[in-house]
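**Q** Below you'll find the structure I mean.
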Amino acid sequence: MTRPAPKSFHVKSFGCQMNAYDGARMGELLEAEGMAPASVETADLVVLNTCHIRERAAEKVYSDIGRLVKRGGAARPMIAVAGCVAQAEGAEIPRRAPAVDIVVGPQAYHRLPALVRAARDGVALDTDMPAASKFDALPARRRQGPSAFLTVQEGCDKFCTYCVVPYTRGAEVSRPWAQIVAEAQALVEAGAREITLLGQNVNAWRGEDIAGRPQGLDGLIRAIAEIPALARIRYTTSHPNDMSDGLIAAHADIDKLMPFLHLPVQAGSDRILKAMNRSHDTTSYLRLIERVRAIRPDIAISGDFIVGFPGETEVDFEQTLALIRAVGHAQAFSFKYSPRPGTPAATMADPVPDDVADDRLQRLQALINDQQHAFNRNSLGRRTEALIERDGKRPGQRIGKSPWLQSIVVETGAAPGEMLTVDIVAAGPNSLTGAIAQPVAA
Ligand code: SAH
Ligand code: SF4
Ligand code: F3S
(Lines give C-alpha, C1' and ligand atoms only; values in the text may rest on other atoms or scores of the structure.)
(Ligands and ions follow the chains in the order given, each with its own letter.)
Protein backbone atom coordinates (compact mmCIF):
# COMPACT_ATOMS: atom_id res chain seq x y z
CA MET A 1 0.00 0.00 0.00
CA THR A 2 1.36 3.40 -0.96
CA ARG A 3 2.04 5.60 2.07
CA PRO A 4 1.29 9.32 2.00
CA ALA A 5 4.22 11.56 1.08
CA PRO A 6 5.97 12.95 4.18
CA LYS A 7 5.41 16.67 4.66
CA SER A 8 7.89 17.28 7.45
CA PHE A 9 11.33 15.94 8.36
CA HIS A 10 13.92 15.78 11.10
CA VAL A 11 17.60 14.99 10.59
CA LYS A 12 19.57 13.67 13.56
CA SER A 13 23.33 13.49 13.02
CA PHE A 14 25.83 11.45 15.02
CA GLY A 15 29.61 11.26 14.73
CA CYS A 16 32.01 13.73 13.20
CA GLN A 17 31.63 17.26 11.89
CA MET A 18 31.47 15.94 8.34
CA ASN A 19 28.31 14.11 9.31
CA ALA A 20 26.97 17.35 10.79
CA TYR A 21 27.69 19.02 7.46
CA ASP A 22 25.98 16.21 5.53
CA GLY A 23 23.01 16.40 7.88
CA ALA A 24 22.61 20.13 7.22
CA ARG A 25 22.80 19.53 3.47
CA MET A 26 20.18 16.76 3.63
CA GLY A 27 17.93 19.18 5.49
CA GLU A 28 18.39 21.82 2.80
CA LEU A 29 17.64 19.22 0.15
CA LEU A 30 14.39 18.15 1.81
CA GLU A 31 13.34 21.77 2.34
CA ALA A 32 13.95 22.43 -1.35
CA GLU A 33 11.48 19.57 -1.98
CA GLY A 34 8.85 21.48 -0.01
CA MET A 35 9.14 19.59 3.27
CA ALA A 36 9.18 21.52 6.55
CA PRO A 37 11.67 20.98 9.38
CA ALA A 38 10.04 19.51 12.51
CA SER A 39 10.96 17.98 15.85
CA VAL A 40 11.94 14.33 16.04
CA GLU A 41 8.65 13.67 17.90
CA THR A 42 6.41 15.06 15.17
CA ALA A 43 8.28 14.69 11.86
CA ASP A 44 6.79 12.49 9.10
CA LEU A 45 10.32 11.51 8.03
CA VAL A 46 13.22 11.00 10.44
CA VAL A 47 16.72 10.73 9.00
CA LEU A 48 19.22 9.08 11.34
CA ASN A 49 22.61 10.18 10.02
CA THR A 50 24.79 7.57 11.63
CA CYS A 51 28.40 6.98 12.68
CA HIS A 52 30.22 3.64 12.51
CA ILE A 53 33.53 4.61 14.10
CA ARG A 54 33.11 2.72 17.39
CA GLU A 55 30.73 -0.05 18.37
CA ARG A 56 28.76 2.12 20.74
CA ALA A 57 28.24 4.78 18.07
CA ALA A 58 27.06 2.18 15.56
CA GLU A 59 24.59 0.59 18.00
CA LYS A 60 22.93 3.92 18.82
CA VAL A 61 20.98 3.81 15.60
CA TYR A 62 19.12 0.66 16.65
CA SER A 63 18.01 2.10 19.98
CA ASP A 64 16.85 5.23 18.17
CA ILE A 65 14.85 3.16 15.68
CA GLY A 66 13.26 1.31 18.60
CA ARG A 67 12.17 4.62 20.11
CA LEU A 68 10.65 5.82 16.82
CA VAL A 69 8.77 2.56 16.34
CA LYS A 70 7.19 3.00 19.77
CA ARG A 71 5.35 6.04 18.41
CA GLY A 72 3.28 3.45 16.55
CA GLY A 73 0.26 3.67 14.26
CA ALA A 74 -0.22 6.63 11.96
CA ALA A 75 2.28 8.65 13.98
CA ARG A 76 5.12 6.28 13.11
CA PRO A 77 7.45 8.22 10.82
CA MET A 78 9.16 7.08 7.67
CA ILE A 79 12.69 6.16 8.86
CA ALA A 80 15.83 6.74 6.83
CA VAL A 81 19.23 5.49 7.96
CA ALA A 82 21.99 7.60 6.40
CA GLY A 83 25.71 8.00 7.08
CA CYS A 84 28.44 5.50 7.80
CA VAL A 85 26.36 2.68 9.35
CA ALA A 86 24.20 2.79 6.21
CA GLN A 87 27.31 2.41 4.07
CA ALA A 88 28.83 -0.36 6.21
CA GLU A 89 25.71 -2.45 6.86
CA GLY A 90 23.50 -1.66 3.85
CA ALA A 91 20.66 -4.16 3.36
CA GLU A 92 21.48 -5.74 6.72
CA ILE A 93 19.79 -2.77 8.42
CA PRO A 94 16.18 -3.35 7.27
CA ARG A 95 16.72 -7.07 7.93
CA ARG A 96 17.60 -6.34 11.54
CA ALA A 97 15.20 -3.41 11.92
CA PRO A 98 12.20 -3.90 9.59
CA ALA A 99 10.82 -0.46 10.51
CA VAL A 100 13.56 1.12 8.38
CA ASP A 101 12.27 2.45 5.06
CA ILE A 102 15.38 4.00 3.51
CA VAL A 103 19.11 3.23 3.63
CA VAL A 104 21.34 5.85 2.03
CA GLY A 105 25.14 6.07 2.07
CA PRO A 106 27.23 9.22 2.60
CA GLN A 107 28.05 9.55 -1.10
CA ALA A 108 24.48 9.05 -2.33
CA TYR A 109 22.34 11.34 -0.18
CA HIS A 110 21.70 13.80 -3.01
CA ARG A 111 19.24 11.11 -4.18
CA LEU A 112 17.29 11.26 -0.92
CA PRO A 113 14.15 12.89 -2.46
CA ALA A 114 13.86 10.05 -5.02
CA LEU A 115 14.41 7.48 -2.25
CA VAL A 116 11.65 9.08 -0.17
CA ARG A 117 9.28 8.75 -3.11
CA ALA A 118 10.28 5.11 -3.69
CA ALA A 119 9.98 4.28 0.02
CA ARG A 120 6.25 5.00 -0.07
CA ASP A 121 5.95 1.55 -1.71
CA GLY A 122 8.70 -0.41 0.05
CA VAL A 123 12.29 -0.34 1.28
CA ALA A 124 14.58 1.94 -0.78
CA LEU A 125 18.33 1.44 -0.65
CA ASP A 126 21.25 3.35 -2.18
CA THR A 127 24.83 2.85 -1.02
CA ASP A 128 26.51 3.68 -4.31
CA MET A 129 29.71 5.64 -4.39
CA PRO A 130 28.92 7.28 -7.72
CA ALA A 131 31.68 8.85 -9.83
CA ALA A 132 29.62 12.04 -10.24
CA SER A 133 29.85 14.08 -7.09
CA LYS A 134 26.76 14.55 -4.93
CA PHE A 135 27.82 18.17 -4.41
CA ASP A 136 26.80 19.05 -7.98
CA ALA A 137 23.25 17.96 -7.21
CA LEU A 138 22.72 19.78 -3.91
CA PRO A 139 20.79 23.06 -3.60
CA ALA A 140 22.52 26.36 -2.69
CA ARG A 141 23.48 27.08 0.92
CA ARG A 142 21.21 29.29 2.97
CA ARG A 143 20.42 30.49 6.51
CA GLN A 144 23.63 30.15 8.40
CA GLY A 145 24.75 30.67 11.97
CA PRO A 146 27.98 32.59 12.63
CA SER A 147 30.11 29.46 12.40
CA ALA A 148 29.71 27.19 9.36
CA PHE A 149 31.18 23.89 8.19
CA LEU A 150 32.29 23.38 4.61
CA THR A 151 33.40 19.95 3.43
CA VAL A 152 36.28 20.27 0.95
CA GLN A 153 37.67 16.74 0.98
CA GLU A 154 36.20 13.34 1.67
CA GLY A 155 37.42 9.84 2.16
CA CYS A 156 40.67 8.35 3.34
CA ASP A 157 43.49 6.33 1.77
CA LYS A 158 45.48 5.90 4.98
CA PHE A 159 43.99 2.63 6.23
CA CYS A 160 44.92 2.88 9.89
CA THR A 161 44.41 -0.69 11.06
CA TYR A 162 41.63 0.16 13.56
CA CYS A 163 39.54 2.45 11.38
CA VAL A 164 36.37 2.00 9.29
CA VAL A 165 36.48 5.36 7.53
CA PRO A 166 38.30 4.20 4.37
CA TYR A 167 35.50 1.64 3.94
CA THR A 168 32.52 3.83 4.81
CA ARG A 169 33.63 7.01 3.07
CA GLY A 170 35.72 5.61 0.25
CA ALA A 171 38.95 6.90 -1.30
CA GLU A 172 40.30 10.43 -0.86
CA VAL A 173 38.51 12.89 -3.13
CA SER A 174 39.00 16.67 -3.23
CA ARG A 175 36.15 18.96 -4.25
CA PRO A 176 37.04 21.43 -7.02
CA TRP A 177 38.43 24.86 -6.09
CA ALA A 178 35.74 26.99 -7.75
CA GLN A 179 32.92 24.98 -6.17
CA ILE A 180 34.41 25.42 -2.70
CA VAL A 181 35.07 29.15 -3.10
CA ALA A 182 31.50 29.65 -4.36
CA GLU A 183 30.07 27.73 -1.40
CA ALA A 184 32.21 29.77 1.02
CA GLN A 185 30.84 32.96 -0.53
CA ALA A 186 27.28 31.68 -0.26
CA LEU A 187 27.82 30.76 3.40
CA VAL A 188 29.14 34.23 4.20
CA GLU A 189 26.22 35.85 2.37
CA ALA A 190 23.92 33.64 4.46
CA GLY A 191 25.45 34.91 7.70
CA ALA A 192 28.61 32.90 8.41
CA ARG A 193 31.55 34.81 9.90
CA GLU A 194 33.69 31.76 10.51
CA ILE A 195 34.17 28.78 8.20
CA THR A 196 35.69 25.47 9.22
CA LEU A 197 36.97 23.55 6.21
CA LEU A 198 36.31 19.86 6.72
CA GLY A 199 37.78 16.62 5.47
CA GLN A 200 38.60 13.19 6.86
CA ASN A 201 42.11 14.26 5.84
CA VAL A 202 41.47 17.89 5.10
CA ASN A 203 45.14 18.74 4.60
CA ALA A 204 45.35 16.15 1.82
CA TRP A 205 43.17 18.49 -0.27
CA ARG A 206 44.67 18.99 -3.74
CA GLY A 207 43.33 20.94 -6.68
CA GLU A 208 43.87 23.63 -9.24
CA ASP A 209 42.98 27.29 -8.92
CA ILE A 210 41.04 29.14 -11.63
CA ALA A 211 44.30 29.81 -13.49
CA GLY A 212 44.99 26.06 -13.55
CA ARG A 213 47.89 26.21 -11.09
CA PRO A 214 48.21 23.24 -8.70
CA GLN A 215 47.24 24.18 -5.14
CA GLY A 216 47.13 22.65 -1.69
CA LEU A 217 44.95 23.49 1.29
CA ASP A 218 47.03 26.59 2.08
CA GLY A 219 46.23 28.06 -1.35
CA LEU A 220 42.56 27.34 -0.85
CA ILE A 221 42.61 29.00 2.59
CA ARG A 222 44.31 32.04 1.06
CA ALA A 223 41.56 32.31 -1.57
CA ILE A 224 38.76 32.01 0.97
CA ALA A 225 40.47 34.56 3.23
CA GLU A 226 39.84 37.12 0.44
CA ILE A 227 36.10 37.12 1.22
CA PRO A 228 35.80 40.48 3.04
CA ALA A 229 33.01 39.68 5.52
CA LEU A 230 34.59 36.38 6.57
CA ALA A 231 36.49 36.84 9.83
CA ARG A 232 37.86 33.42 10.73
CA ILE A 233 38.99 30.22 9.01
CA ARG A 234 39.68 26.85 10.62
CA TYR A 235 40.29 23.38 9.21
CA THR A 236 39.96 19.84 10.54
CA THR A 237 40.96 16.96 10.63
CA SER A 238 44.57 16.87 9.54
CA HIS A 239 46.95 13.97 9.19
CA PRO A 240 50.57 14.58 10.28
CA ASN A 241 51.93 13.26 6.98
CA ASP A 242 50.00 15.83 4.95
CA MET A 243 51.17 18.93 6.89
CA SER A 244 52.94 20.74 4.03
CA ASP A 245 55.46 23.57 4.45
CA GLY A 246 52.94 25.87 2.79
CA LEU A 247 50.21 24.99 5.29
CA ILE A 248 52.55 25.54 8.22
CA ALA A 249 53.59 28.91 6.75
CA ALA A 250 49.92 29.85 6.34
CA HIS A 251 49.62 29.90 10.13
CA ALA A 252 52.12 32.75 10.19
CA ASP A 253 50.88 34.90 7.35
CA ILE A 254 47.10 34.50 6.98
CA ASP A 255 45.53 36.60 9.74
CA LYS A 256 42.12 34.98 9.35
CA LEU A 257 43.53 31.49 9.88
CA MET A 258 43.02 30.77 13.57
CA PRO A 259 45.86 29.60 15.84
CA PHE A 260 44.46 26.13 16.42
CA LEU A 261 45.63 22.83 15.00
CA HIS A 262 43.81 19.54 15.46
CA LEU A 263 46.47 17.01 14.58
CA PRO A 264 45.69 13.49 15.83
CA VAL A 265 48.67 11.37 16.82
CA GLN A 266 46.68 8.50 18.47
CA ALA A 267 49.51 7.10 20.64
CA GLY A 268 52.95 7.88 22.00
CA SER A 269 54.54 4.49 21.48
CA ASP A 270 56.30 3.91 18.16
CA ARG A 271 55.58 0.20 18.38
CA ILE A 272 51.85 0.85 18.70
CA LEU A 273 51.89 3.54 15.99
CA LYS A 274 53.45 0.98 13.68
CA ALA A 275 50.78 -1.61 14.52
CA MET A 276 48.18 1.10 13.86
CA ASN A 277 49.75 1.73 10.44
CA ARG A 278 49.90 5.44 11.25
CA SER A 279 52.98 5.92 8.99
CA HIS A 280 54.45 8.55 11.32
CA ASP A 281 56.35 8.08 14.56
CA THR A 282 56.60 10.13 17.73
CA THR A 283 59.85 11.80 16.65
CA SER A 284 58.43 13.03 13.35
CA TYR A 285 55.27 14.22 15.13
CA LEU A 286 57.25 16.16 17.74
CA ARG A 287 59.43 17.70 15.05
CA LEU A 288 56.33 18.78 13.17
CA ILE A 289 54.85 20.43 16.28
CA GLU A 290 58.16 22.24 16.83
CA ARG A 291 58.08 23.64 13.30
CA VAL A 292 54.49 24.84 13.70
CA ARG A 293 55.29 26.44 17.06
CA ALA A 294 58.40 28.13 15.66
CA ILE A 295 56.16 29.97 13.22
CA ARG A 296 53.13 30.46 15.49
CA PRO A 297 54.22 30.15 19.15
CA ASP A 298 50.73 30.68 20.62
CA ILE A 299 49.04 27.94 18.56
CA ALA A 300 46.76 25.56 20.48
CA ILE A 301 47.47 21.93 19.65
CA SER A 302 44.65 19.40 19.80
CA GLY A 303 44.55 15.71 18.98
CA ASP A 304 42.83 12.35 19.07
CA PHE A 305 44.05 9.42 21.18
CA ILE A 306 43.16 5.75 21.34
CA VAL A 307 43.93 3.74 24.48
CA GLY A 308 43.85 -0.03 24.77
CA PHE A 309 44.92 -0.83 21.23
CA PRO A 310 45.82 -4.57 20.97
CA GLY A 311 49.22 -5.20 22.51
CA GLU A 312 49.40 -1.84 24.33
CA THR A 313 51.42 -2.32 27.52
CA GLU A 314 51.61 -0.06 30.56
CA VAL A 315 54.95 1.20 29.23
CA ASP A 316 53.42 2.01 25.82
CA PHE A 317 50.60 3.86 27.54
CA GLU A 318 52.98 5.86 29.72
CA GLN A 319 54.75 6.92 26.54
CA THR A 320 51.42 8.33 25.33
CA LEU A 321 51.08 10.33 28.57
CA ALA A 322 54.67 11.54 28.16
CA LEU A 323 53.95 12.68 24.61
CA ILE A 324 50.87 14.62 25.75
CA ARG A 325 52.99 16.35 28.42
CA ALA A 326 55.77 17.08 25.94
CA VAL A 327 53.41 18.62 23.39
CA GLY A 328 51.21 20.31 25.98
CA HIS A 329 47.98 19.52 24.10
CA ALA A 330 45.43 22.23 24.90
CA GLN A 331 42.60 19.79 24.32
CA ALA A 332 42.00 16.33 22.87
CA PHE A 333 39.43 13.67 22.11
CA SER A 334 40.26 10.29 23.55
CA PHE A 335 38.70 6.93 23.00
CA LYS A 336 38.87 3.37 24.21
CA TYR A 337 39.85 1.13 21.32
CA SER A 338 36.79 -0.52 19.79
CA PRO A 339 37.36 -3.49 17.46
CA ARG A 340 35.54 -2.88 14.18
CA PRO A 341 34.46 -5.78 11.97
CA GLY A 342 36.55 -6.08 8.82
CA THR A 343 39.49 -3.98 10.02
CA PRO A 344 42.94 -5.59 10.44
CA ALA A 345 43.23 -4.64 14.13
CA ALA A 346 40.04 -6.53 14.99
CA THR A 347 41.89 -9.84 14.71
CA MET A 348 45.18 -8.76 16.30
CA ALA A 349 46.59 -10.66 19.26
CA ASP A 350 46.81 -9.42 22.86
CA PRO A 351 43.58 -7.51 23.34
CA VAL A 352 43.76 -5.19 26.34
CA PRO A 353 41.27 -6.12 29.09
CA ASP A 354 38.36 -3.71 29.38
CA ASP A 355 39.09 -2.61 32.94
CA VAL A 356 42.70 -1.82 32.04
CA ALA A 357 41.60 0.23 29.02
CA ASP A 358 38.99 2.04 31.16
CA ASP A 359 41.63 2.92 33.71
CA ARG A 360 44.01 4.21 31.04
CA LEU A 361 41.28 6.29 29.44
CA GLN A 362 40.53 7.92 32.81
CA ARG A 363 44.19 8.71 33.46
CA LEU A 364 44.65 10.13 29.98
CA GLN A 365 41.53 12.27 30.27
CA ALA A 366 42.59 13.57 33.67
CA LEU A 367 45.90 14.69 32.18
CA ILE A 368 44.20 16.36 29.21
CA ASN A 369 41.76 18.14 31.56
CA ASP A 370 44.66 19.46 33.63
CA GLN A 371 46.45 20.71 30.55
CA GLN A 372 43.28 22.29 29.18
CA HIS A 373 42.75 24.11 32.47
CA ALA A 374 46.38 25.27 32.45
CA PHE A 375 46.01 26.47 28.87
CA ASN A 376 42.89 28.41 29.88
CA ARG A 377 44.62 29.92 32.92
CA ASN A 378 47.35 31.14 30.59
CA SER A 379 44.71 33.27 28.87
CA LEU A 380 43.97 35.22 32.07
CA GLY A 381 44.53 38.93 31.61
CA ARG A 382 44.74 38.59 27.84
CA ARG A 383 42.78 40.93 25.55
CA THR A 384 41.31 38.96 22.69
CA GLU A 385 38.34 38.64 20.37
CA ALA A 386 35.20 36.61 20.95
CA LEU A 387 32.98 35.63 18.05
CA ILE A 388 29.52 35.51 19.63
CA GLU A 389 27.71 32.27 18.76
CA ARG A 390 24.73 31.78 21.07
CA ASP A 391 22.93 32.63 24.32
CA GLY A 392 24.51 31.68 27.62
CA LYS A 393 22.83 29.92 30.53
CA ARG A 394 21.67 33.12 32.22
CA PRO A 395 19.78 36.06 30.71
CA GLY A 396 22.12 38.74 29.39
CA GLN A 397 24.89 36.21 28.79
CA ARG A 398 26.30 35.19 25.44
CA ILE A 399 28.81 32.52 24.55
CA GLY A 400 31.51 33.16 22.00
CA LYS A 401 34.74 31.54 20.89
CA SER A 402 38.30 32.73 21.23
CA PRO A 403 40.75 32.32 18.35
CA TRP A 404 42.06 29.24 20.26
CA LEU A 405 38.56 27.67 20.21
CA GLN A 406 37.94 28.32 23.92
CA SER A 407 34.37 29.13 24.93
CA ILE A 408 34.09 32.65 26.39
CA VAL A 409 31.11 33.68 28.50
CA VAL A 410 30.39 37.41 28.12
CA GLU A 411 27.77 39.65 29.79
CA THR A 412 26.42 41.38 26.72
CA GLY A 413 23.36 41.83 24.57
CA ALA A 414 25.44 41.37 21.42
CA ALA A 415 23.89 39.28 18.66
CA PRO A 416 25.34 36.03 17.31
CA GLY A 417 27.91 36.88 14.66
CA GLU A 418 29.26 39.97 16.44
CA MET A 419 32.97 40.08 17.15
CA LEU A 420 33.74 41.60 20.55
CA THR A 421 37.04 42.61 22.03
CA VAL A 422 37.15 41.20 25.57
CA ASP A 423 39.53 40.98 28.49
CA ILE A 424 39.76 37.50 29.98
CA VAL A 425 38.91 37.87 33.68
CA ALA A 426 38.37 34.24 34.75
CA ALA A 427 39.46 30.83 33.51
CA GLY A 428 37.73 27.54 34.33
CA PRO A 429 38.54 24.05 33.06
CA ASN A 430 36.05 24.30 30.18
CA SER A 431 35.50 28.00 29.55
CA LEU A 432 36.70 31.55 30.05
CA THR A 433 34.89 34.64 31.26
CA GLY A 434 35.39 37.79 29.22
CA ALA A 435 34.62 41.42 30.04
CA ILE A 436 33.95 43.73 27.12
CA ALA A 437 36.95 45.91 26.41
CA GLN A 438 35.62 47.89 23.49
CA PRO A 439 33.04 46.85 20.93
CA VAL A 440 34.34 46.69 17.38
CA ALA A 441 32.18 46.89 14.29
CA ALA A 442 30.71 43.53 13.37
N1 SAH B 1 40.59 11.20 9.84
C2 SAH B 1 40.71 11.61 11.14
C3 SAH B 1 39.60 11.19 12.10
C4 SAH B 1 39.07 9.82 12.04
S5 SAH B 1 37.86 9.32 13.18
C6 SAH B 1 42.08 11.22 11.62
O7 SAH B 1 42.73 10.37 11.11
O8 SAH B 1 42.52 11.82 12.55
C9 SAH B 1 38.17 10.21 14.64
C10 SAH B 1 38.94 9.48 15.69
O11 SAH B 1 38.26 8.34 16.13
C12 SAH B 1 40.29 8.97 15.26
O13 SAH B 1 41.25 9.98 15.21
C14 SAH B 1 40.57 7.96 16.33
O15 SAH B 1 41.19 8.54 17.44
C16 SAH B 1 39.19 7.47 16.73
N17 SAH B 1 38.94 6.10 16.26
C18 SAH B 1 38.89 5.66 14.98
N19 SAH B 1 38.66 4.34 14.94
C20 SAH B 1 38.56 3.92 16.23
C21 SAH B 1 38.34 2.65 16.85
N22 SAH B 1 38.19 1.55 16.14
N23 SAH B 1 38.30 2.60 18.20
C24 SAH B 1 38.47 3.73 18.94
N25 SAH B 1 38.68 4.94 18.41
C26 SAH B 1 38.73 5.04 17.07
FE1 SF4 C 1 40.80 6.58 9.93
FE2 SF4 C 1 43.43 6.75 9.86
FE3 SF4 C 1 42.01 7.60 7.80
FE4 SF4 C 1 41.95 8.96 10.07
S5 SF4 C 1 43.75 8.65 8.76
S6 SF4 C 1 40.21 8.40 8.82
S7 SF4 C 1 42.10 7.35 11.60
S8 SF4 C 1 42.18 5.50 8.48
FE1 F3S D 1 31.70 8.39 12.13
FE2 F3S D 1 31.65 8.23 9.53
FE3 F3S D 1 32.47 10.46 10.69
S4 F3S D 1 32.22 6.63 10.89
S5 F3S D 1 33.38 9.72 12.56
S6 F3S D 1 30.45 9.61 10.80
S7 F3S D 1 33.27 9.57 8.84
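**Q** Using only the Cα atoms of segment 93-194, build the gyration tensor, take square roots of its eigenvalues as a ≥ b ≥ c, and label the shape rounded, prolate or oblate: rounded if a/c is under 1.5, else prolate if a/b is larger than b/c, else oblate.
**A** On the way: a/c = 2.15, a/b = 1.35, b/c = 1.59.
Oblate, because a/c is 1.5 or more while a/b does not exceed b/c.
**Q** Let me ask something additional. Just add up the charged neighbours of PHE317: K/R +1, D/E -1, any other residue whose Cβ is under 10 Å from the Cβ of PHE317. Let's see the in-between values first.
**A** Working: positive: ARG360, ARG363; negative: GLU312, GLU314, ASP316, GLU318, ASP359.
So the surrounding residues net to -3.
**Q** Let me ask you something else. Sort by residue number and report every cysteine in the chain with no other cysteine beta carbon within a distance under 4.7 Å.
**A** Unpaired cysteines in the chain: CYS16, CYS51, CYS84, CYS156.
**Q** Going through the cross-link list LYS60/LYS393; LYS158/LYS256; LYS60/LYS401; LYS134/LYS158; LYS12/LYS70, which pairs have a Cα-Cα distance over 19 Å in this structure? List each step's numbers first, then the result.
**A** Details: LYS60/LYS393 29 Å; LYS158/LYS256 30 Å; LYS60/LYS401 30 Å; LYS134/LYS158 23 Å; LYS12/LYS70 17 Å.
Distance filter (> 19 Å) returns LYS60/LYS393; LYS158/LYS256; LYS60/LYS401; LYS134/LYS158.
**Q** Can you tally the net charge around GLY34? Count Lys and Arg as +1, Asp and Glu as -1, for every other residue whose Cβ sits under 13 Å from the Cβ of GLY34. Present the calculation step by step, with values, prior to reporting the outcome.
**A** Values: positive: LYS7, ARG117; negative: GLU28, GLU31, GLU33, ASP44.
Here the count lands on -2.
**Q** If you don't mind, there's one more thing I want to ask. Probe radius 1.4 Å, ligands and nucleic acids left out: which of THR320, THR127 has the largest accessible area, and how do the rest follow? Show your work: numbers first, answer last.
**A** Numbers: THR320 0, THR127 40 Å².
So the residues, ranked largest to smallest area, are THR127, THR320.
**Q** Taking all protein chains as present, what is the carbon and sulfur share of the accessible area of segment 135-377, in % to the nearest whole number, probe 1.4 Å? Provide the component values of the computation, followed by the final result.
**A** Values: 5250 of 9840 Å².
Roughly 53 percent, rounded to a whole number.
**Q** Relative contact order for the chain: what is it in percent, counting Cα pairs under 8 Å that are at least 6 residues apart? The partial results should precede the final answer.
**A** On the way: 909 pairs, mean separation 42.9, N = 442.
Worked out over the chain, it gives 10 percent.
**Q** Here's a follow-up. Could you report the accessible area of CYS163 in Å², rounded to 10, computed with a 1.4 Å probe on the protein chains as they sit in the structure?
**A** We get 20 Å² for CYS163.
**Q** Working out 0.36 nm times the residue gap between ARG293 and ARG394, then minus their Cα-Cα distance, what length gain in nm do you get to one decimal? Numbers along the way, then the final one.
**A** Numbers: separation 101, 0.36 × 101 = 36.36 nm, distance 3.75 nm.
Roughly 32.6 nm would be gained on extension.
**Q** Could you please report the charge total around ILE436, scoring K, R as +1 and D, E as -1 over all other residues with beta-carbon less than 13 angstrom from its beta-carbon? Provide the component values of the computation, followed by the final result.
**A** Numbers: positive: ARG383, ARG398; negative: GLU385, GLU411, GLU418, ASP423.
Net local charge, ILE436 excluded: -2.
**Q** At 0.36 nm per residue, and after removing the present C-alpha to C-alpha distance, how many nm does the segment from ALA118 to ASP304 gain when stretched out fully? All intermediate terms of the calculation are to be shown ahead of the outcome.
**A** Numbers: separation 186, 0.36 × 186 = 66.96 nm, distance 4.04 nm.
Gain on stretching ALA118 to ASP304: 62.9 nm.
**Q** Can you pull out the GluC sites (Glu not before Pro) in segment 26-85 whose DSSP state is coil and whose Cβ has at most 13 other Cβ atoms within 10 Å? Could you put the intermediate results ahead of the total?
**A** Working: sites: GLU28, GLU31, GLU33, GLU41, GLU55, GLU59; in loops: GLU33, GLU41.
When the GluC sites (Glu not before Pro) of segment 26-85 are filtered for loop state and at most 13 Cβ neighbours within 10 Å, GLU41 remain.
**Q** Quick check on segment 8-126: take the gyration tensor over C-alpha atoms, sort the square-rooted eigenvalues as a ≥ b ≥ c, and tell me if it's rounded (a/c under 1.5), prolate or oblate.
**A** Values: a/c = 1.30, a/b = 1.09, b/c = 1.19.
Here segment 8-126 falls in the rounded category.
**Q** Roll a 1.4 Å probe over the protein chains and send me the accessible area per residue for the chain in Å².
**A** In whole numbers, the chain has 43 Å² accessible per residue.
The values are calculated or read from the model by the stated rules, or taken from the named source; none is laboratory data. If you're wondering where the values come from, they're calculated on a predicted model, not measured in any experiment. Note that we place each Cβ from the backbone using ideal geometry, even for glycine, and neighbour counts take in every protein chain shown. The accessibility values were calculated without ligands, DNA or RNA, using every heavy atom of the protein model including side chains. Shrake-Rupley method; radii C 1.70, N 1.55, O 1.52, S 1.80 Å.
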